[in-house]
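Have a look at the structure below before the remarks.
The values are calculated or read from the model by the stated rules, or taken from the named source; none is laboratory data. Quantities reported herein were computed from a predicted structural model and do not represent experimental measurements. Cβ placement follows ideal geometry from the backbone for every residue including glycine, while neighbour counts extend to all protein chains displayed. Calculation scope for accessible area: heavy atoms of the full protein, side chains included, ligands and nucleic acids excluded. Shrake-Rupley method; radii C 1.70, N 1.55, O 1.52, S 1.80 Å.
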Amino acid sequence: MANRLDALICAQTKEILEAAEVKTPVHSVSVMLHLLRQGPASIADIARSQERSHQLIVSRVAPLEKSGLVKMETDPEDERRKILSFTRAGAIDARKAERVSLKIAASFTDLHEELGVDLMALLERAEQLLRQKPLAVRNAAPAKRVRRKASTRAA
């Protein structure tokens, strides 16, 4: 269910980004917003701040480099480190992406009101609880009995 919801959100977000003439791919928006808010950064810096793997961030940066929205340069203080920054087109696109993201966030506020729950907060809490007590631990613990209402049948 989570994968289906993610795919639906991404598809709908892609439509909105395209309508706003944002060139940034939907999965790379978080990288662009990070650079917009924090300035030039390494892949490791971005991965750490977003609590994502280095490999995942690399996969999100690649289409940005290919489309000319960002550039990678060697850090003058540490030649092993590469610093990611905007191109002129990337800076413009990032600002567009930010405006669209703010509108999408407002749409989620509306969805949360309809649901009666902040879906993102609930998902984050579920992730946090599973990190604290993984399924393997939960599975090893004695099962709690769940009382179910007796079903009634029409005779």
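Between a residue in the stretch 30-55 that is hydroxyl-bearing (Ser, Thr, Tyr) and any residue that is open to solvent by less than 20 Å² (accessible area, probe 1.4 Å), which pairs come within a Cβ distance under 7 Å, given they are 6 or more apart or on different chains?
Ser42/Leu84; Ser53/Ala47
Select from the stretch 1-26 the residues that are open to solvent by 60 Å² or more (accessible area, probe 1.4 Å), of a type outside the set (Gly, Ala, Ser) and either touching a residue at least 60 places away in the same chain (Cβ under 8 Å) or touching a Ser or Thr at 6+ places or on another chain (Cβ under 8 Å) (or both) and list them in ascending order.
Ile16, Glu21, Lys23
Evaluate the following for Asp45: is it over 14 Å from the mean Cα position of the chain (by Cα) and either in a helix (DSSP H, G or I) or exposed (fewer than 13 other Cβ atoms within 10 Å of the Cβ) (or both)?
Values: over 14 Å from the mean Cα position of the chain (by Cα): yes; either in a helix (DSSP H, G or I) or exposed (fewer than 13 other Cβ atoms within 10 Å of the Cβ) (or both): yes.
Criteria met by Asp45.
With Leu84, Leu64 as the choices, which residue is open to solvent by less than 40 Å² (accessible area, probe 1.4 Å), more than 23 Å from Glu124 (Cα to Cα) and not in a strand (DSSP E or B)?
Being open to solvent by less than 40 Å² (accessible area, probe 1.4 Å), more than 23 Å from Glu124 (Cα to Cα) and not in a strand (DSSP E or B) holds for just one of Leu84, Leu64, which is Leu64.
Has the stretch 67-78 got any residue that is open to solvent by 20 Å² or more (accessible area, probe 1.4 Å), under 18 Å from the mean Cα position of the chain (by Cα) and among the polar types (S, T, N, Q)?
No, that holds for no residue.
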